[in-house]
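*Asks:* So that we are looking at the same thing, I have put the structure below in structure tokens.
FYI, it's all coordinate maths here, none of it is from the lab. Here the structure is a predicted model, which is why all the values come from computation and not from measurement. Here Cβ is always computed from backbone atoms with ideal geometry, including for glycine, and neighbour counts include all displayed protein chains.
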Amino acid sequence: MKDFPTNHYESAFENWLIDSHISYLPVNSYKRKVFSRSKIKSFDFLVCPNNTQTIIAEVKGRKFKGISFAKLAGFQCWVTTDDISGLCQWQKIFGPAYTAAFIFVYKIESIDVDLDGRKIFDFDDSTYIFFYIALEDYQLYMKKRSPKWSTVTLPADKFRKCAVQIDELWP
């Protein structure tokens, strides 16, 4: 576990990694302090799935208040432009053996959701679902969301095209 307080989204993802026997390295408080001096926004995990590239993972927690996963609708997937530029810079620093990506962790708010055959993860009295979107794909389709808050997002059809449920990516 990390040596600093994490939010429940990061904790849920970290516990999924542990349960799935996937190697990872969390960015601990010391590393975050070092990263903050570099002026590059830090990331949350280096994830090392077997036989694939290491992932520079930025975890984004959101709530899912919908009633069905069938059409992958209702999934908020906004990020800040700092998130984008930070991951881009880390991708350059680490090089081609690494892939930068967002891990969207959705806490399912409704108790009666049509899962449409998708796997969920129960952790600490809550239920979650995880989606992976490669930075490269996100950048290709992102649109401005809020100039005031410097946020971007993916249109729903592009989310459906780019988002991969993490269980399918790393079975």
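*Asks:* Which whole DSSP H helices in the chain pass both tests: a Cα extent of 15 Å or more along the axis and a mean Kyte-Doolittle value no lower than -0.5? Don't jump to the answer; show the numbers that get you there.
*Replies:* Details: long enough: 8-19 (16 Å, -0.61); 81-94 (20 Å, -0.19).
Result, helices passing both filters: 81-94.
*Asks:* Can you figure out the FRET efficiency of Thr52 with Ser126, using R₀ = 30 Å and their beta-carbon distance, to the nearest 0.05? List each step's numbers first, then the result.
*Replies:* Details: r = 28 Å, r/R0 = 0.93.
The value I calculate is 0.60.
*Asks:* Something else: Working from the pairwise distances between different alpha carbons, so that the mean of 1/r is found and then inverted, what is the chain's Kirkwood radius in Å? If you can, show how the numbers build up before the last one.
*Replies:* Numbers: mean 1/r = 0.0604 Å⁻¹.
One decimal place: 16.5 Å for the Kirkwood radius.
*Asks:* Points 7 angstrom from Cα along the Cβ direction at Ala134 and Phe94: gap in nanometres?
*Replies:* Simple spin-label model gives 1.4 nm for this pair.
*Asks:* Pick from Ile133, Ile22, Ile111 the residue whose mean-square fluctuation is largest in a GNM of the chain, springs joining Cα atoms under 10 Å.
*Replies:* Maximum fluctuation in the GNM of the chain, among the listed residues, is at Ile111.
*Asks:* Calculate the FRET efficiency for Asp114 and Ser150 from the Cβ-Cβ distance with a Förster distance of 30 Å, rounded to the nearest 0.05.
*Replies:* Values: r = 35 Å, r/R0 = 1.16.
FRET efficiency, Asp114 to Ser150: 0.30.
*Asks:* What residues qualify as long-range amide H neighbours of Ala100, i.e. H under 5 Å apart, gap of 5 or more or another chain, H built at 1.01 Å from N?
*Replies:* Under 5 Å from the amide H of Ala100 lie the amide H atoms of Ile56, Leu135, each far enough along the sequence or on another chain.
*Asks:* At 0.36 nm per residue, and after removing the present C-alpha to C-alpha distance, how many nm does the segment from Trp78 to Ser42 gain when stretched out fully? Provide the component values of the computation, followed by the final result.
*Replies:* Details: separation 36, 0.36 × 36 = 12.96 nm, distance 1.75 nm.
In short, 11.2 nm is gained.
*Asks:* Another one. Expressed as a whole number of Å, what is the distance separating the alpha-carbon centroids of the stretch 63-78 and the stretch 8-27?
*Replies:* 22
*Asks:* Take Tyr24, Tyr9 and order them by how many other Cβ atoms sit within 10 Å, fewest up front.
*Replies:* Details: Tyr24 18, Tyr9 23.
So the ranking, lowest neighbour count to highest, is Tyr24, Tyr9.
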